[in-house]
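The values are calculated or read from the model by the stated rules, or taken from the named source; none is laboratory data. Predicted model only: the values in this text are computed from it and were never measured. A quick note on method: Cβ atoms are made from the backbone with ideal geometry, for glycine too, and the neighbour counts reach across all protein chains shown.
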Amino acid sequence: MDVEFKGSLNHRILRIYIDKPAGVTHADCQRVSEQVGTELDVEELIPGGYTLEVSSPGLTRKLTATRDFERSCGRLVKLQTKELVDGARNFRGVLAEFDGQVLSVALKSGKTVRIPLLLVSKANLDIDF
């Protein structure tokens with residue numbers, strides 16, 4: 001689960017991204033929205049108006065936790081690093097391996113680059129059309 005709270009005082013949005021191994025259905029989103037929305041309203045946890053959105057993280061979901069990278073081995077990823085790794089900061093390739101500290105990404109060129117997780121500033125799953 002991931003949560004974002006954005007916007008100005010007049011237009012605030014609380015976004016909750018839910019996920020499960022079998023995939024997220026519309027009914028899952030509706031159920032979470034009703035439960036969370038009711039609790040927020042009853043407890044008055046967010047003063048003033050806001051819009052609640054509940055959805056799946058989507059096809060190009062963010063990868064943030066260690067378990068996200070572990071589950072994404074064999075999938076196409078897009079990464080940005082905080083500093084240069086092998087002369088670049090942006091990478092797109094298949095996450096071939098993750099040992100808990102270092103990502104091995106197989107690039108389209110055939111080269112595999114090893115990127116320490118601590119250097120990753122942004123990571124998402126990617127898709128090929």
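Look at residue 24 and say whether it is surrounded by 11 or more Cβ atoms within 10 Å (Cβ to Cβ), assigned to a loop (DSSP other than H, G, I, E, B) and under 17 Å from the mean Cα position of the chain (by Cα). Working first, answer last.
On the way: surrounded by 11 or more Cβ atoms within 10 Å (Cβ to Cβ): yes; assigned to a loop (DSSP other than H, G, I, E, B): yes; under 17 Å from the mean Cα position of the chain (by Cα): yes.
Yes, satisfied.
If you go through the stretch 19-76 one residue at a time, how many are within 23 Å of residue 127 (Cβ to Cβ), free of Cβ contacts under 8 Å to residues at least 24 places away in the same chain and hydrophobic (A, V, I, L, M, F, W, C)?
So the answer is 2.
Going by the structure shown, is residue 55 at pLDDT below 95 and within 30 Å of residue 26 (Cβ to Cβ)?
Details: at pLDDT below 95: yes; within 30 Å of residue 26 (Cβ to Cβ): yes.
Against the criterion (at pLDDT below 95 and within 30 Å of residue 26 (Cβ to Cβ)), residue 55 qualifies.
Can you confirm whether residue 31 is surrounded by 10 or more Cβ atoms within 10 Å (Cβ to Cβ), more than 20 Å from residue 112 (Cβ to Cβ), in contact with a Phe, Trp or Tyr (Cβ under 9 Å, 6 or more places away or on another chain) and not small (Gly, Ala, Ser)?
no
Going by the structure shown, is residue 8 surrounded by 14 or more Cβ atoms within 10 Å (Cβ to Cβ) and out of contact with any His (no Cβ under 8 Å at 6 or more places or on another chain)? Even if it seems obvious, please write down each step before you answer.
Numbers: surrounded by 14 or more Cβ atoms within 10 Å (Cβ to Cβ): no; out of contact with any His (no Cβ under 8 Å at 6 or more places or on another chain): yes.
Considered against the rule, which asks whether it is surrounded by 14 or more Cβ atoms within 10 Å (Cβ to Cβ) and out of contact with any His (no Cβ under 8 Å at 6 or more places or on another chain), residue 8 comes out as no.
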